[in-house]
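Visitor: Starting off with a structure, shown below.
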Amino acid sequence: MTRRVPARRRPTVDAAPQSDVVHSNTLAQTSGGFTAFLESVTQQILAVTYWFDPAPHAGPYPVTVRFSGRRVGVKGRVQTGDRFVQDETIEQVVPGSGPISLTARVRGINAGEWVVTAHVLGSATSAQRSGEQESVAPAAGSLRPAARLWRRWAPSAGSAEPVKTCLAPLAHVPGILPGIWGAMVTLGMIVALALQALVISRDHLALGPWWVVTLVAIAVGIAGAKVWFILLKRREHLINGWCIQGFIASAPVAAVVMLAVLHVPVGVFLDVTAPGLLVAMAVGRVGCFFAGCCGGPPTASRWGVWSSDQRMGARRIPTQLLESVLAGILGLLVLVAALGHGSAGGAIFVAGLTAYILGRQGILHLRAEPRKTRLGGLLTAALAALVLIAAVVLLVR
């Protein structure tokens, strides 16, 4: 599970000449790694959102929105940090995917209350080429219920009330709930332990050793997910994220070691753990949806769900929810098999996990984030299919 972190913005500057406008798509190269992470979570920023409807157009087109602000209550001469201009660009606005929210995170300014305005600089539409430069933000009454709710949640540019600066992790962004990912992952772990206890009690086994193995595996898996993310993003110097691949790769290794130390049967442990693992992933993916990571691209399809990628909110392919449904259904099927069939020497675990991996490979193609290699996905899917067939054969024998 890769949590995508928005690119850090350059410090904003006094909003006077055009040459001083900050373009947010440019990455800051002044620091990286842990220092950059600490700066990002302790810095006071201004988060403000602009809403608009896509213009009628034959295909996707770019839009740039200029945010301008001044700090309220400035006494004496206006200093750098008391005013800003920042441009935010959406490279591809999909007609029919609206309403769209675009959030600017303004850094390097003085803390306090701000009056912020925003307007569209232009796009590739024929209407704008003919002189209609600005998309009009829709009135609150014209928004769909989900978008209307999120508009109340996050401060909008041009609102009558000043916008206050806040710590970066606490910024209100449409479609994003601060801290939701960690909360849902924790809930998923609790559900996993409860389901594991249910299956263990069915087999009249002592709970203590099984939970020791599980908790150690979870701790190692969390560390593995962090290390995997850091290695994956080493060129970007990012550390604020996690990868589910790291969890899957490290947790089983830790579990096998603990099983050998405590003399717990490996196959039985895997089968009693499988339902909770899959249901926990289903719960965690809901956290991804409201955290703005692992999402799909904007779409005009009526099957799209309004959500955000931490910067732009629009109707999107809900890849997180699709993966949640996949893991949830497989978790229930595996639970029924574990309660009805009993342990199958690990075959239940292998069948459930490989079915999830196989289905996930298809969902990964729907994500907005492009895959780095196509061959790796095909090999993973082929291997998962072969292992799944073998596990099913063992179960039906």
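The values are calculated or read from the model by the stated rules, or taken from the named source; none is laboratory data. Remember, predicted model here, so these are calculated numbers, not experimental data. Positions of Cβ are generated from backbone atoms using ideal geometry, with glycine treated the same way; all protein chains shown enter the neighbour counts. Areas reflect the complete protein model, heavy atoms only, side chains present, ligands, DNA and RNA absent. Shrake-Rupley method; radii C 1.70, N 1.55, O 1.52, S 1.80 Å.
Visitor: Quick one: in region 99-125, of everything that is among the hydroxyl-bearing types (Ser, Thr, Tyr) and buried (at least 17 other Cβ atoms within 10 Å of the Cβ), which residue is nearest to Lys164 (Cα to Cα)?
Guide: Step one: list which residues in region 99-125 are among the hydroxyl-bearing types (Ser, Thr, Tyr), which gives 101, 103, 117, 123, 125.
Then keep just the ones that are buried (at least 17 other Cβ atoms within 10 Å of the Cβ); that gives 101, 103, 123, 125.
Details: Ser101: 19, Thr103: 14, Ser123: 30, Thr125: 34 Å.
Looking at the filtered set, the residue picked out is Thr103.
Visitor: Next up: Suppose the filter is at pLDDT 95 or above and either more than 14 Å from the chain's Cα centre (by Cα) or surrounded by fewer than 24 Cβ atoms within 10 Å (Cβ to Cβ) (or both); does Leu326 pass it?
Guide: So Leu326 fits the description; yes.
Visitor: When you scan region 5-21, do you find a residue that is at pLDDT below 50, closer than 18 Å to Val173 by Cα and basic (Lys, Arg), even just one?
Guide: yes
Visitor: Here's a follow-up. Quick check on my filter: what residues within region 210-221 are surrounded by 17 or more Cβ atoms within 10 Å (Cβ to Cβ) and out of contact with any Ser or Thr (no Cβ under 6 Å at 6 or more places or on another chain)?
Guide: Going residue by residue through region 210-221, those that are surrounded by 17 or more Cβ atoms within 10 Å (Cβ to Cβ) are 210, 213-214, 216-218, 220-221.
Those that are surrounded by 17 or more Cβ atoms within 10 Å (Cβ to Cβ) and out of contact with any Ser or Thr (no Cβ under 6 Å at 6 or more places or on another chain): Trp210, Val213, Thr214, Val216, Ala217, Ile218.
Visitor: If you scan region 270-290, which residues turn out to be open to solvent by 10 Å² or more (accessible area, probe 1.4 Å) and in contact with a Phe, Trp or Tyr (Cβ under 7 Å, 6 or more places away or on another chain)?
Guide: Hits for region 270-290 are Leu270, Thr273.
Visitor: Does Val227 satisfy being open to solvent by 60 Å² or more (accessible area, probe 1.4 Å), more than 22 Å from Ser343 (Cα to Cα) and in contact (Cβ under 8 Å) with a residue 12 or more places away in the chain?
Guide: Details: open to solvent by 60 Å² or more (accessible area, probe 1.4 Å): yes; more than 22 Å from Ser343 (Cα to Cα): yes; in contact (Cβ under 8 Å) with a residue 12 or more places away in the chain: yes.
Here the answer is yes, as Val227 does meet what is asked.
Visitor: Take region 70-81 and flag every residue that is closer than 18 Å to Glu161 by Cα and in contact (Cβ under 8 Å) with a residue 60 or more places away in the chain.
Guide: Within region 70-81, just Val72 meets the criteria.
Visitor: If the Cβ limit is 9 Å and pairs must be 6+ apart or interchain, which residue in region 169-194 that is among the aromatic types (Phe, Trp, Tyr) pairs with which residue that is open to solvent by less than 30 Å² (accessible area, probe 1.4 Å) and part of a helix (DSSP H, G or I)?
Guide: Short answer, once both residue conditions are applied: Trp181/Gly284; Trp181/Gly287; Trp181/Cys288; Trp181/Ala291.
Visitor: Does at least one position in region 56-64 carry a residue that is out of contact with any strand residue (DSSP E or B) (no Cβ under 9 Å at 6 or more places or on another chain), of a type in the set (A, V, I, L, M, F, W, C) and modelled with pLDDT of 80 or more?
Guide: yes
Visitor: I would also like to ask the following. Considering each residue of region 342-397, count those that are free of Cβ contacts under 8 Å to residues at least 12 places away in the same chain, closer than 28 Å to Pro318 by Cα and of a type in the set (Val, Ile, Thr), and give that number.
Guide: Qualifying residue count for the region: 1.
Visitor: Looking at region 31-43, which of its residues are out of contact with any His (no Cβ under 6 Å at 6 or more places or on another chain) and either assigned to a loop (DSSP other than H, G, I, E, B) or at pLDDT 90 or above (or both)?
Guide: Passing the criteria: Ser31, Gln43.
Visitor: Continuing with this model, one more query. Among the residues of region 342-397, which ones are open to solvent by 20 Å² or more (accessible area, probe 1.4 Å), among the hydroxyl-bearing types (Ser, Thr, Tyr) and closer than 21 Å to Glu323 by Cα?
Guide: Of everything in region 342-397, those that are open to solvent by 20 Å² or more (accessible area, probe 1.4 Å), among the hydroxyl-bearing types (Ser, Thr, Tyr) and closer than 21 Å to Glu323 by Cα turn out to be Thr373, Thr380.
Visitor: Something else: Any idea which of Gly76, Gly96 is in contact with a strand residue (DSSP E or B) (Cβ under 9 Å, 6 or more places away or on another chain) and open to solvent by 20 Å² or more (accessible area, probe 1.4 Å)?
Guide: Testing whether each residue is in contact with a strand residue (DSSP E or B) (Cβ under 9 Å, 6 or more places away or on another chain) and open to solvent by 20 Å² or more (accessible area, probe 1.4 Å) leaves just Gly96.
Visitor: Go through region 65-89 and give me each residue that's modelled with pLDDT of 95 or more and in a loop (DSSP other than H, G, I, E, B).
Guide: none
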